[in-house]
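Worksheet for the structure shown next.
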Amino acid sequence: AQSVTQLGSHVSVSEGALVLLRCNYSSSVPPYLFWYVQYPNQGLQLLLKYTSAATLVKGINGFEAEFKKSETSFHLTKPSAHMSDAAEYFCAVRTQGAQKLLFGQGTRLTINP
Amino acid sequence: DTAVSQTPKYLVTQMGNDKSIKCEQNLGHDTMYWYKQDSKKFLKIMFSYNNKELIINETVPNRFSPKSPDKAHLNLHINSLELGDSAVYFCASSKAYTGELFFGEGSRLTVL
């Protein structure tokens, strides 16, 4: 069975600081991994995805994530936070052959001026 | 031109009533989904359709009945609404099961 855990339901950083949102997964087969962002009162939007090509994946809005098999992690980072990054972020996993995406609990990112 | 559109955006209704939410996508995708997001932002898949065929039904009460008249539309009808049905319901679509989902803006259901 697969699962995904996001560490920290709320992360707060200052504008210009590093953003690090943590995601760990559990899967018996190689996973496909995703980060989605949800701005207030909107649907989710794909930020980036890992599908077994390069382990360092670049996404939209300056975000990137690194797949680390040994740590079963797929943490999301951005070097310098902007106020516009304030949103809810979801990590998700899908295993090969699976017909659905399993979402983590979400991490709310707050940016302090 | 919205890719995945849901109507209505807000529904407020009394317990015991019936309500429907409509969803349409213009992306040419084969697969459509309904997700439920609770007050703690937890997202859970309810249903998935592929080319009008029901693929996933995640132990959702049979008061919830999805219908896909064609692969561009997926509607959700809810009978005998209960307080616990209050949530935001998201429609999404994807090209097969890639995991790259395109979401609508959500329909916020409040049951009083």
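What follows is calculated from the coordinates using simple rules that are stated; it is not laboratory data. Quick caveat, the model's predicted, so the values are computed rather than measured. Cβ atoms come from the backbone with ideal geometry, glycine included; neighbour counts cover every protein chain shown.
Under 5 Å between amide hydrogens, which residues at least 5 positions from residue B:17 or on another chain qualify, with H placed 1.01 Å from N in the peptide plane?
The list, which skips near neighbours in sequence, is B:81.
For the pairs B:41/B:71; B:19/B:41; A:78/A:100; A:100/B:67, flag any whose C-alpha to C-alpha distance is greater than 25 Å.
On the way: B:41/B:71 28 Å; B:19/B:41 22 Å; A:78/A:100 28 Å; A:100/B:67 19 Å.
Where the Cα-Cα span goes over 25 Å, the pairs concerned are B:41/B:71; A:78/A:100.
For A:44, A:56, B:76, B:11, which order do you get if you count the other beta carbons within 10 Å of each Cβ and list the fewest first? Before the final figure, lay out the partial values.
On the way: A:44 27, A:56 9, B:76 23, B:11 19.
Lowest count first: A:56, B:11, B:76, A:44.
Output wanted: per-residue J couplings in Hz (rounded whole) for the stretch A:39-49, from phi through Karplus 6.51 cos²θ - 1.76 cosθ + 1.60, θ = phi - 60°, x for Gly and Pro.
For the stretch A:39-49, the Karplus-derived couplings read 7, x, 6, 10, x, 7, 10, 5, 8, 6, 8 Hz, x marking Gly and Pro.
Can you compute the FRET efficiency between residue A:108 and residue B:65 using 1/(1 + (r/R0)^6), with r the Cβ-Cβ distance and R0 = 41 Å? Round to the nearest 0.05. List each step's numbers first, then the result.
On the way: r = 33 Å, r/R0 = 0.81.
After rounding to 0.05, the efficiency reads 0.80.
Write down, largest first, the equivalent ellipsoid semi-axes of the protein assembly as shown in whole Å, where each equals the square root of 5 times an eigenvalue of the alpha-carbon gyration tensor.
Working: eigenvalues 178, 85, 49 Å².
One finds semi-axes of 30, 21, 16 Å for the protein assembly as shown.
For the stretch B:39-105, take N as its residue count and report Rg(C-alpha) divided by 2.2 N^0.38 Å. Let's see the in-between values first.
Working: Rg = 12.4 Å, N = 67, 2.2 N^0.38 = 10.9 Å.
Output field value: 1.14.
Just need log10 I(q)/I(0) for chain B at q = 0.11, 0.22 Å⁻¹, Debye formula, equal scatterers on the alpha-carbon atoms, no solvent, rounded to two decimals.
Rounded to two decimals, the profile gives -0.30, -1.23.
Sort out for me the Cα centre separation of the stretch B:34-66 from the stretch A:4-39, rounded to whole Å.
Each part reduced to its Cα centre gives a spacing of 24 Å.
Across bins of 10 angstrom width beginning at 0, how are the C-alpha pair distances of chain A distributed, in whole percent?
15, 50, 29, 6, 0
Need one number: nm distance between label points at residue A:80 and residue B:58, each 7 Å from Cα along Cα→Cβ, rounded to one decimal.
The two pseudo-label positions are separated by 3.9 nm.
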